[in-house]
Structure formats: C-alpha cells, structure tokens
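Only one structure is covered here, and it is reproduced in the block below.
FYI, it's all coordinate maths here, none of it is from the lab. Predicted, not measured: the structure shown is a model, and the values here were computed from it. Don't worry about glycine lacking a Cβ; one is built from the backbone with ideal geometry, like all the others, and counts go over all protein chains shown.
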Amino acid sequence: MTLRLARIGAEARLLIDRAEKRNAFHLDMWRQLPEMLREAQADPAIRLLTIRAAEPGAFSAGADIRELLAHKNDPDWQALNQAAINHAQHELARCGLPTLAFVEGDCIGGGCGIALACDMRVATRAARFGITPAKLGLVYPLHDVKLLVDLVGPGQARRMLFMGELLDAPEAERIGLVEVVREDLGNLVDAILAGSPHSIREIKRFVRRVLDGQVDDDAETSRIFAKAFEGKDFQEGAAAFIEKRQPEFRQ
C-alpha cells in the first residue's frame with residue numbers, strides 16, 4: 001500500500017509509503033489521495049490531518065517519471081493522469097480538516113504541490129523544495145501555480161518555476177514557502193488540537209474564500225460570524241477565559 005492512514009488520537013496521518021521510489025506518485029496514488037481525505041473527514045474523532053513520509057527521508061520526489069515516459073504517446077492515459085492530479089490537489093486544498101505537511105527530505109515537483117495544497121508546512125533542516133518542470137520540458141498545473149503564487153508571491157514563484165533549483169529549508173522559510181523549520185512537529189499538533197474545532201473549520205473556509213477572490217463579507221459569512229456567539233465552543237471558550245483555565249472543546 002503506497003498511501004495509508006494512521007490515527008493517533010484526534011490526528012490522522014496520511015503516510016506516503018513508497019520509499020524505494022523516493023515516494024514518487026503514480027496514477028493510482030493520485031486516485032487514492034481523495035479517498036484517503038474522505039476517509040479521514042468521515043471520522044468524527046479526527047480534527048487534524050498531517051501528511052508525511054512513512055519513513056524519514058524524501059517527502060515526495062513528485063511524479064513517477066518512468067510512468068510518464070511509459071505513457072508519453074498515450075493521450076488517453078495522459079488525460080486520466082492529469083485529471084487525477086487536478087482532482088487530488090483540488091480536494092486536498094479544500095479539505096474540511098486543517099492540514100499540515102511535515103517535510104523531512106526532498107519535496108519536489110508534484111510532491112511540492114501536495115505540500116502547497118496543505119494549510120501549513122513544517123520542514124526539518126534536511127528538507128529541500130523544488131519545482132522542476134522547466135528542466136523536463138513540462139508545465140506545472142495552473143491550480144498548483146496559483147497555490148505557489150498565493151504563498152510566495154509572483155516573483156519568487158517565477159524564480160522557482162523558471163530555474164527549477166532546490167531551496168533548503170531556511171530559504172524556503174524566508175520566502176514564505178514554509179511556515180516553521182524544526183526537527184519534529186512537537187507541540188504544534190497539540191496547539192492546533194487545543195483550538196475550537198468550529199473556529200478552525202470556519203476560519204479555514206474564510207481563508208479559502210479570500211484566496212479564491214472574495215474581499216468583503218456576504219450574507220453567509222456574516223451569518224457564520226454572528227452564529228458563533230450562540231455556539232457551545234464560544235460558551236466553553238468564554239467560561240475558560242473567565243475561570244483562567246484551558247478550554248476543553250468537544251467535536
């Protein structure tokens with residue numbers, strides 16, 4: 001099994017388990033990814049999804065180049081593959097759970113796209129990031145180009161796409177590709193899980209609306225904002241604040 005889910009309390013870990021191929025993605029893996037996302041979201045006990053390599057090392061070397069070469073003259077297969085990649089990335093970027101990519105090694109091409117589609121990226125010092133279609137005569141998907149531009153801006157996005165160079169973790173952090181550089185997830189998972197599930201879920205949706213072009217509140221976002229004051233999470237959060245204790249939010 002090249003992708004699998006592991007559950008640790010309220011965290012689901014989507015593990016990329018193809019270390020012998022540096023976790024390169026083939027067509028079936030792209031098809032598997034949305035299924036894994038649905039499975040994690042269907043479990044009411046899960047409040048966070050992390051994506052990482054099953055074994056320390058490469059996060060993902062991207063697309064399986066041997067598979068691409070084997071089907072270079074098969075337009076039907078190419079169309080299926082592109083549709084699978086686009087669908088997987090779209091579903092990941094809009095997953096209902098907060099998502100976090102933990103990158104311990106090379107994160108290249110389509111693998112970098114997976115990290116881009118997560119809400120946050122944490123990298124160890126051994127991590128390297130690169131997007132290399134220009135070195136292969138290929139083109140990066142528009143959806144993933146937008147994810148990159150949203151994170152690092154158009155200038156740094158062009159730099160990464162035009163040059164195809166590998167950026168180390170400190171440089172990736174400097175340009176905004178990575179939020180945190182550290183050797184483990186430590187208390188980051190606990191900090192996310194300590195927050196209100198309702199707040200995080202709705203805030204994530206608001207961020208997606210902004211990234212998709214919305215700049216002002218509409219009736220729906222205004223309703224969500226106002227309704228939160230009637231919710232159990234606000235009651236618990238406010239009580240905890242007054243009582244000077246940590247809130248205990250329920251799913």
Fill in: Ala238 paired with Leu138, simple spin-label distance in nm, labels 7 Å along Cα-to-beta-carbon
5.3 nm
Discussion item. Can you tell me which aspartates and glutamates have their Cα less than 19 Å from the Cα of Lys232? Leave out same-chain residues fewer than eight positions away.
Written reply: Glu202, Glu243, Glu248
Item to complete: Between Met29, Met120, Met163, find the one with the highest GNM mean-square fluctuation for the chain; connect C-alpha pairs within less than 10 Å.
Response: Met163
Discussion item. Under the rule a/c < 1.5 gives rounded, and otherwise a/b versus b/c splits prolate from oblate, where does segment 3-189 land using the Cα gyration tensor?
Written reply: oblate
Worksheet item: Under a point-charge model restricted to the Cβ atoms of Lys and Arg (+1) and Asp and Glu (-1), what is the dipole moment magnitude of the chain relative to its Cα centre, in debye to the nearest 20?
Response: 120 debye
Worksheet, complete the sentence: If unit charges are put on Cβ atoms (+1 for Lys and Arg, -1 for Asp and Glu) and the dipole of segment 148-251 is taken about its Cα centre, the option from Phe234, Ala194, Val152 lying farthest towards the positive end turns out to be Phe234
Worksheet item: Suppose R0 equals 41 Å; then what is the FRET efficiency for Arg4 and Val149 from their Cβ-Cβ distance, rounded to the nearest 0.05?
Response: 0.80
Fill in: Candidates Lys227, Lys21, Lys135: whichever shows maximal mean-square fluctuation once the chain is modelled as a Gaussian network with Cα springs under 10 Å
Lys227
Worksheet item: Going by how many other beta carbons lie within 10 Å of each one, how would you line up Cys95, Cys112, fewest first?
Response: Cys95, Cys112
Worksheet item: Shape of segment 196-243 from its Cα gyration tensor (a ≥ b ≥ c, root eigenvalues): rounded if a/c is under 1.5, otherwise prolate when a/b > b/c, or oblate?
Response: prolate
Item to complete: Could you check the simple spin-label distance between Arg66 and Asp190, using points 7 Å along Cα→Cβ, in nm with one decimal?
Response: 4.3 nm
Worksheet item: If you build a Gaussian network model of the chain, linking Cα atoms that sit under 10 Å apart, which residue out of Ala83, Ala219, Ala157 swings the most?
Response: Ala219
Worksheet item: What are the residues whose amide H is under 5 Å from the amide H of Val180, where those residues sit 5 or more places off or on another chain and H is modelled from the backbone?
Response: Arg121, Ala123
Discussion item. Quick one: 3J(HN,Hα) in Hz for segment 211-221, Karplus 6.51/-1.76/1.60 with θ = phi - 60°, rounded, Gly and Pro as x.
Written reply: 5, 8, x, 6, 10, 10, 4, 10, 4, 5, 5
Worksheet item: What lysines sit close enough to Lys21 to cross-link, taking a C-alpha to C-alpha distance under 23 Å and skipping anything fewer than 8 places away on the same chain?
Response: Lys72, Lys135
Practice prompt. Would you please give the residues with an amide H less than 5 Å from that of Arg128, counting only those at least 5 places away or on a separate chain, with H modeled from the backbone geometry?
Written response: Gly105, Asp106, Cys107
Worksheet item: Under the Karplus relation 6.51 cos²θ - 1.76 cosθ + 1.60, θ = phi - 60°, what is the ordered set of whole-Hz ³J(HN,Hα) values for segment 139-155, x standing for Gly and Pro?
Response: 10, 6, x, 4, 4, 6, 4, 4, 4, 5, 4, 4, 7, 10, x, x, x
Worksheet item: What shape does segment 87-126 take by its C-alpha gyration tensor, where a ≥ b ≥ c are the square roots of the eigenvalues and a/c under 1.5 counts as rounded, a/b above b/c as prolate, and the rest as oblate?
Response: oblate
Response to the item:
The simple spin-label model distance between Glu165 and Trp77, using points 7 Å out along Cα→Cβ, in nm, is 3.6 nm
Item to complete: Check cross-link reach from Lys244 to the aspartates and glutamates: straight Cα distance under 13 Å, and skip same-chain residues fewer than eight apart.
Response: Glu236
Worksheet item: What number, in percent, do you get for the relative contact order of segment 3-189 if the mean sequence gap of Cα pairs under 8 Å and at least 6 apart is divided by its residue count?
Response: 19 percent
